[in-house]
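S.K.: I'd like to ask you about the structure that follows.
Taken together, the values in this text are just the output of simple stated rules run on the coordinates, not laboratory data. Owing to the predicted nature of the structure, the values given are computational and were not obtained by experimental measurement. In this analysis, Cβ positions are derived from the backbone assuming ideal geometry, glycine residues included, and neighbour counts consider all displayed protein chains.
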Amino acid sequence: MSAPSSSPPEPALEPRGLAAPHGGVADQIVIDAQDLRMIYPPPKAGGKGTVAVDGVGFQVWRGEIFGFLGPNGAGKTTTISILTTLLDPTSGRARIEGIDVLAHPNDVRRKIGLVFQKSTADEELTGRENMLIEAGLYGLTSGQIGGHVNDLLAQMDLATSADRFVKTYSGGMRRRLELAVGMVHKPKLLFLDEPTLGLDPQGRAGFWRYIRYLRDSQGLTVFMTTHYLDEADQLCDRIAVIDHGKIIALGTPKQLKDSVGGDTLVLSVAAGSADPTALISPLPGVTAISRQGDSLRVKCSRGESLVPKVVMTAAQAGIEILGVTVIKPTLDEVFLHLTGHAYREEGEAPNGNPGHGAGNGPEGAPA
Amino acid sequence: MMLPAFSLIRREYIRWIRAPTWVISGLLSPILYLILFGQAFDLGKLLPPGTPAGVLASALSGAPTYFSYFAVGMVAFASVTAAMFSGTGIIFDKQLGILQRILSTPISRRSVFLSSLIFRGMLTLIPAFLVVGFALLLAYVPGVAGLQVGANVTALDAAQFLGAALILSVAFTSLFLSFGFAVQRIESYFGVVTILQLPILLTSNAMYPVNIMPTWLQYLVGFNPISLAVNVMRMSLFGTNGYTYSVGIYLLGLLAWAVVFVLLALLLASRALRSHVGPVGGALSDAIAT
Ligand SMILES: Nc1ncnc2c1ncn2[C@@H]1O[C@H](COP(=O)(O)OP(=O)(O)OP(=O)(O)O)[C@@H](O)[C@H]1O
Ligand SMILES: [Mg+2]
């Protein structure tokens, strides 16, 4: 990932809003959200409203890919809707390129591209028609934008189906069209709400390659939500983790992962041999050890460099080590660490209500 | 540079032209009205034989035959009936998230409404013109009643006729569009339309002369925008005898209705489009899972 500015030494994770600019240009704030709050009105009069966003604030720098992560119902789409002028927040303010979203929504709309979580294409039109109509809403004619439309269709692997009705598209094709439509007017700031949902690995890789290319060549800034933690880890310069409408962590993927305490070494020890815990814990870098039967989990700062020391120490004491696995921290663990509940896999909960408790199962998550 | 509103009109046009069943049913029903209702229901036949021609003409405010009288009413009837579907598109656009997409672009909220008004308004004029053309043609079919127009119809008369048709269409397209903006479900929309349909159409002079109605009804009928438009149209084709006011007054009255309906629609549309707490994203189950 080529960062325009050289990375400063990684500071410790800061709770929110203050993390150093990483991929982006520090002095150019593109998105500035301050204490956003959104309470949806109750369905029935007298009922209690839903607090969807509860004091969210952050800044996104030019040229940065900024990830917004959180479980279903955390408030991601609501935040995007506020930032893109589609929803007036209950309180708080937001500026896009210095323009207030509440005061000058139309100026903001001119600056941004938006890909909705939900499909918004017109089924009765072809893919190309959808793109040209969208371009027309920005005042662009097909003469001005036709070449770009063809480029985008090719990039999204839709060149051969561009003139078919959208109602004949597969789910992934619709998603790719949605991405193309969101970029048809060449925005410099893109909001992507779960852009790669339902795309095959090839489609995901292709899309991200294109986004990176635009970022590097044209300084595109991206604000995205995703449920694919690996995707966020690889792509995002910075990540904000949101849960129950609050940002609970913000930093580079590395900062976030470091915050859970580094790597985990899993050692399997021959049955019946002595317990090596006392030998290993004084080794440099080891922060915690726990034993489950014949396997030992060693928390440490750098797993690879600890392996030879552990093996040697054990061998000298006559303890046989059968295998060693180094587990690098994932955002999954970050999530578990921050919220006390595992990141629920997609599909486990069919709807977006925030009824996830700490109880429903961090299975198999190394802790 | 292209006007964003034109892009929306183009979209509506493409959709419309691709839905031939809609086109056919929209165009066929006014013609059926003309043939079945218009031919069967001849008030003139109720007069005893030997009644002087002037009696019927004066009852019909100058129209030479009942069919001629009725055909002009049907012009208004056809365009108002067509206008009743104007608000459906916007409801589907809301439900499918297409409106969300449109609202995320810099097109002004007023343009969203105006593009619908222009396109839908044009659509309601098609059956109106079709009725005129078809009724005129019927006059040449032997044994069938047709629209008979006086020889002294001037260009100004024709312009008045068209003007009245146009203003009527703008008024009712706006009214029904505003319901489309205001409600979220197609059922609610047709609920409103069903309640309004008969009162709007039957408290007008589109089908029968006002003088055969009770006085209280005559008042209602006099204010109905359909009656005002039909008065202008009939006066343009059959002469101004037997009308209380001049063409200009009726046109002004009609215009006043149009202004009220357009303002109402603008208000409801901008309210509905301002902060649309609609299906912005929704749960994962709503997403494109296949
Ligand atoms: N239009 C609405 N009316 C009322 N409540 C809403 C509305 N939209 C969202 N909510 C509620 O607000 C909360 C946040 O929803 P939001 O769509 O922002 O979550 P999300 O983080 O995007 O979730 P997902 O990962 O499922 O897309 C949820 O509790 C949801 O039920
Ligand atoms: Mg969402």
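S.K.: Rounded to two decimals, what is the ratio between the C-alpha radius of gyration of the stretch A:59-155 and 2.2 N^0.38 Å? Write down the numbers at each step before the final one.
M.R.: Numbers: Rg = 15.7 Å, N = 97, 2.2 N^0.38 = 12.5 Å.
Normalised by 2.2 N^0.38 Å, the Cα Rg of the stretch A:59-155 equals 1.26.
S.K.: Same structure again: Report the antiparallel proportion of the DSSP beta bridges in the protein assembly as shown as a percent, rounded to a multiple of 5.
M.R.: 70
S.K.: Just tell me which lysines come within less than 28 Å, Cα to Cα, of A:Lys309; anything on the same chain fewer than 8 places away is out.
M.R.: Straight-line reach from A:Lys309, under 28 Å: A:Lys254, A:Lys257, A:Lys299, A:Lys328.
S.K.: Could I ask something else about it? Go through A:Gln202, A:Thr226, A:Leu189 and say which Cα lies farthest out towards the positive end of the charge dipole of the stretch A:182-231; charges sit on Cβ, +1 for Lys and Arg, -1 for Asp and Glu.
M.R.: A:Leu189
S.K.: In what order do B:Met235, B:Met122 fall by count of nearby beta-carbon atoms within 10 Å, going from fewest to most?
M.R.: Least to most surrounded, the residues fall as B:Met122, B:Met235.
S.K.: Based on alpha-carbon atoms only, what is the radius of gyration of the stretch B:2-280 relative to the globular estimate 2.2 N^0.38 Å?
M.R.: Values: Rg = 20.1 Å, N = 279, 2.2 N^0.38 = 18.7 Å.
For the stretch B:2-280, the normalised Cα radius of gyration comes out at 1.08.
S.K.: Can you give the calculated 222 nm mean residue ellipticity of chain B, where each DSSP H run of n ≥ 4 adds -39,500 (n - 2.57) and the sum is split over every residue, rounded to the nearest 500 deg cm²/dmol? Show your work: numbers first, answer last.
M.R.: Details: 12 runs with 192 residues, N = 290.
Calculated from helices alone, the mean residue ellipticity at 222 nm is -22000 deg cm²/dmol.
S.K.: Right, here's the next one. In whole angstrom, how far apart do the alpha carbon centroids of the stretch A:229-276 and the stretch B:217-238 sit?
M.R.: Rounded to whole Å, the Cα centres lie 77 Å apart.
S.K.: Still on this structure, I have one more. I need the shape label for the protein assembly as shown. Rule: rounded when a/c is under 1.5, else prolate if a/b > b/c, else oblate, with a, b, c from the alpha carbon gyration tensor.
M.R.: prolate
S.K.: Right, here's the next one. Farthest toward the dipole's positive end in the stretch A:26-257, which of A:Leu214, A:Ile80, A:Leu152, given Cβ charges of +1 (Lys, Arg) and -1 (Asp, Glu) about the Cα centre?
M.R.: It is A:Ile80, whose Cα lies furthest towards the positive end.
S.K.: Treating the angle as unsigned and between 0 and 90°, give the value, to the nearest 10°, between the Cα long axis of helix A:127-137 and the longest Cα principal axis of chain A.
M.R.: Long axis of A:127-137 versus the principal axis of chain A: about 70 degrees.
S.K.: Quick check for me: using +1 on Lys/Arg Cβ and -1 on Asp/Glu Cβ, what's the dipole size of the protein assembly as shown about its Cα centre, in debye to the nearest 20?
M.R.: Values: 49 positive and 47 negative charges, 289 e Å.
With Lys and Arg at +1 and Asp and Glu at -1, about 1380 debye.
S.K.: Next question, about the same structure. Only counting other Cβ atoms within 10 Å, I'd like B:Thr240, B:Thr81, B:Thr194 sorted with the fewest neighbours first.
M.R.: Least crowded to most crowded, the residues run B:Thr194, B:Thr240, B:Thr81.
S.K.: Same structure again: Tell me the Rg and the Dmax, in Å, that the Cα atoms of the stretch A:26-257 produce.
M.R.: Reported Rg and Dmax, both Å: 17.6, 54.
S.K.: Averaging sequence separations of C-alpha pairs under 8 Å and six or more residues apart, then dividing by the length of chain A, give the relative contact order as a whole percent. Can you show the working numbers first?
M.R.: On the way: 720 pairs, mean separation 66.6, N = 367.
Over chain A, the number comes to 18 percent.
S.K.: Can you give the charge dipole size of the stretch A:262-328 about its Cα centre, rounded to the nearest 20 debye, using +1 on the beta carbon of Lys and Arg and -1 on the beta carbon of Asp and Glu? Before the final figure, lay out the partial values.
M.R.: Values: 6 positive and 5 negative charges, 46 e Å.
It comes to approximately 220 debye.
S.K.: Follow-up question, since we're still on this one. On average, how many beta carbons from a partner chain sit within 10 Å of the beta carbon of a residue in B:246-254?
M.R.: Values: counts 0, 0, 0, 0, 0, 0, 0, 0, 0.
The shielding value for this peptide is 0.
S.K.: Let me ask you something else. Determine, for A:Arg302, A:Arg110, the number of other Cβ atoms within 10 Å of each Cβ, and report the residues in order from fewest to most. Intermediate results must be reported in sequence, preceding the final value.
M.R.: On the way: A:Arg302 12, A:Arg110 16.
With the sparsest Cβ surroundings first, the list reads A:Arg302, A:Arg110.
S.K.: Would you mind telling me which residue in B:Leu47, B:Leu263, B:Leu114 has the biggest mean-square fluctuation in a Gaussian network model of chain B, where springs connect alpha carbons within a distance under 10 angstrom?
M.R.: Comparing B:Leu47, B:Leu263, B:Leu114 in the GNM, the peak value goes to B:Leu47.
S.K.: A further question follows. Just to be sure I understand: of the beta bridges DSSP finds with both ends in chain A, what percent are antiparallel, rounded to 5? Kindly include the intermediate steps, with their values, before the conclusion.
M.R.: On the way: 41 of 58 bridges.
That works out to approximately 70 percent antiparallel.
S.K.: I need the per residue convex hull volume for the stretch A:262-328, using only the alpha carbons, in cubic angstrom as a whole number.
M.R.: 69
S.K.: Quote the charge dipole size of chain B about the Cα centre in Debye, to the nearest 20; the model charges only the Cβ of Lys and Arg (+1) and of Asp and Glu (-1).
M.R.: 720
S.K.: Also, quick follow-up: In degrees, nearest 10, range 0 to 90: what is the angle between the Cα axis of helix A:171-182 and the longest Cα principal axis of chain A?
M.R.: For helix A:171-182, the angle is close to 60 degrees.
S.K.: Go through B:Ser169, B:Leu103, B:Thr65 and say which Cα lies farthest out towards the positive end of the charge dipole of chain B; charges sit on Cβ, +1 for Lys and Arg, -1 for Asp and Glu.
M.R.: B:Leu103
S.K.: Can you list the DSSP H helices in chain B whose Cα atoms extend at least 15 Å along the helix axis and whose mean Kyte-Doolittle hydropathy is 1.6 or higher? Show your work: numbers first, answer last.
M.R.: Values: long enough: B:4-17 (20 Å, 0.02); B:20-32 (18 Å, 1.37); B:66-83 (25 Å, 1.48); B:109-138 (45 Å, 1.66); B:155-182 (40 Å, 1.69); B:186-202 (24 Å, 1.65); B:225-238 (19 Å, 1.26); B:247-274 (40 Å, 2.08).
Answer set is B:109-138, B:155-182, B:186-202, B:247-274.
S.K.: Something else about it: Sort A:126-135, B:69-78 by the packing proxy (mean of other Cβ within 10 Å over each peptide's residues), most packed first. Don't skip to the end; give the middle numbers.
M.R.: Values: A:126-135: 24.5, B:69-78: 27.7.
With the highest mean Cβ count within 10 Å placed first, the list reads B:69-78, A:126-135.
S.K.: Related question: With springs only between Cα atoms under 10 Å, which of B:Ser61, B:Ser178, B:Ser111 fluctuates most in a Gaussian network model of chain B?
M.R.: Most flexible of the set in this elastic network: B:Ser111.
S.K.: Further question: Can you give the net charge of the other residues whose Cβ lies under 12 Å from the Cβ of B:Leu273, counting K and R as +1 and D and E as -1? Please report the intermediate quantities before stating the final value.
M.R.: Numbers: positive: B:Lys94, B:Arg109, B:Arg110, B:Arg271, B:Arg274; negative: B:Asp93.
Spelling it out: positives minus negatives among the neighbours equals +4.
S.K.: Using alpha carbons only, how many degrees (0 to 90, rounded to 10) separate the axis of helix A:201-218 from the longest principal axis of chain A?
M.R.: With both axes taken from Cα atoms, the answer is about 70 degrees.
S.K.: Can you give the log10 of the normalised intensity I(q)/I(0) at q = 0.09, 0.10, 0.21 Å⁻¹, computed with Debye over equal Cα scatterers of the stretch B:22-137?
M.R.: -0.39, -0.46, -1.09
S.K.: Which net charge results when you count Lys and Arg as +1 and Asp and Glu as -1 among the other residues whose beta-carbon is under 12 Å from that of B:Arg109? List each step's numbers first, then the result.
M.R.: Numbers: positive: A:Arg109, B:Arg110, B:Arg271, B:Arg274; negative: none.
Surrounding charge for B:Arg109 is +4.
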